[in-house]
Amino acid sequence: MSIIIQKAFQALASCDPDRISAVLTKDAEWLSPPGNATAVALEATHHMVGREAIVRFFAEDAPRLFAHDVALTFHQFHTDAERVVAEATMTATLANGNPYSNAYCFVFELRDGLIHRVREYVDTARGYRLTFGGVPE
């Protein structure tokens, strides 16, 4: 099942709407921490509902912040019959030219070999420092 997730992230990083759509259920959800730096910088929601919303985010919105050299390095996978937990580090060059490197943990729920739900955990304070230069009050 970790192969499904690795291939899915290749699709997400491609910015190709058709490739991204092909790895998600129609009713997929992606939940990130409320008020995370990416959502704030892009004026986007932290809870995307539906394949179309997730495709739009990865194909159109995310590249406006994570402009170049986006890479996800997986460190650990933990799986059961329907879930994959993945520990990873994401690196990129932000649109302002600053480097980005942050730790993530993703919990994927799969249905019929497709991503149905993602819960994303990230160091939000570090994300703010890297994106905006400080942490909100």
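Here is the figure for the range 104-130: residues that are open to solvent by less than 60 Å² (accessible area, probe 1.4 Å) and on the phi < 0 side of the Ramachandran plot total 18. Considering the range 86-102, and only residues there that are among the small types (Gly, Ala, Ser) and either touching a residue at least 60 places away in the same chain (Cβ under 8 Å) or touching a Lys or Arg at 6+ places or on another chain (Cβ under 8 Å) (or both), the residue that is nearest to Ser14 (Cα to Cα) turns out to be Ala95. The residues of the range 28-85 that are of a type outside the set (Gly, Ala, Ser), over 15 Å from Arg117 (Cβ atoms), assigned to a loop (DSSP other than H, G, I, E, B) and touching a residue at least 12 places away in the same chain (Cβ under 8 Å), listed by number, are Pro33, Pro34, Asn36. If you filter the range 22-57 down to residues that are of a type in the set (S, T, N, Q) and within 18 Å of Ser101 (Cα to Cα), you find that the one that is surrounded by the most Cβ atoms within 10 Å (Cβ to Cβ) is Thr38.
The values are calculated or read from the model by the stated rules, or taken from the named source; none is laboratory data. Not measured: the values here are computed from a predicted model. A quick note on method: Cβ atoms are made from the backbone with ideal geometry, for glycine too, and the neighbour counts reach across all protein chains shown. Side chains included, ligands, DNA and RNA excluded: accessible areas come from the protein's heavy atoms. Shrake-Rupley method; radii C 1.70, N 1.55, O 1.52, S 1.80 Å.
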